[in-house]
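Beneath this line is the structure, given in structure tokens, with notes to follow.
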Amino acid sequence: QIQLVEYGGGPVQAGGSLNLSCAASGLIFSNFAFGWFKQSPGKDREFVAVITVSGRVTEYSDSVKGRFTISKNNAENTVSLQMIAMKPEDTAVYYCAAGRSTGRLLLGEADYWGQGTQVTVSS
């Protein structure tokens, strides 16, 4: 059974930092691109960051560029999202996603999704 499980969400003050992790199981980790998406109340789920199958290329939404860093560890089957200089507008449920196609993943068309983890940034 393929599972993506997110860890590391919680409350943080504006300007602070938080690290999210996603543990993947049941799939051949090195064959997948991974992404992070977020969903705020009343809004659609939106793209945050993606890392390609090779791990050599990353893409970010304009709102997090320079503040968030996505990485993957093929040895541990984990994907991380390091978040610094956080803002109240970063508050959302963050989802880990896996896809065989980076292009489709960028469009939110993932093959697998995690259950999400809540991040709350207070001002």
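The values are calculated or read from the model by the stated rules, or taken from the named source; none is laboratory data. All values reported here derive from a predicted model rather than from experimental measurement. Every residue, glycine among them, receives a Cβ derived from its backbone with ideal geometry; neighbour counts consider all protein chains shown. Heavy atoms of the whole protein, side chains included, go into the accessibility calculation; ligands, DNA and RNA do not. Shrake-Rupley method; radii C 1.70, N 1.55, O 1.52, S 1.80 Å.
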Kindly check whether there is at least one residue in segment 68-85 that is under 22 Å from residue 122 (Cβ atoms), open to solvent by 50 Å² or more (accessible area, probe 1.4 Å), among the hydrophobic types (A, V, I, L, M, F, W, C) and in contact (Cβ under 8 Å) with a residue 12 or more places away in the chain.
yes
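Have a look at 21, 54, 25 and point out the one that is in contact (Cβ under 8 Å) with a residue 40 or more places away in the chain and either loosely packed, with under 14 Cβ neighbours inside 10 Å or touching a helix residue (DSSP H, G or I) at 6+ places or on another chain (Cβ under 9 Å) (or both). Walk me through how you get there before you give the answer.
Details: 21 fails: either loosely packed, with under 14 Cβ neighbours inside 10 Å or touching a helix residue (DSSP H, G or I) at 6+ places or on another chain (Cβ under 9 Å) (or both); 54 fails: in contact (Cβ under 8 Å) with a residue 40 or more places away in the chain.
Residue meeting the stated conditions: 25.
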Among (1) closer than 18 Å to residue 63 by Cβ; (2) of a type in the set (A, V, I, L, M, F, W, C); (3) over 11 Å from the mean Cα position of the chain (by Cα), there is one condition residue 81 misses while meeting the rest; what is its number?
(3)
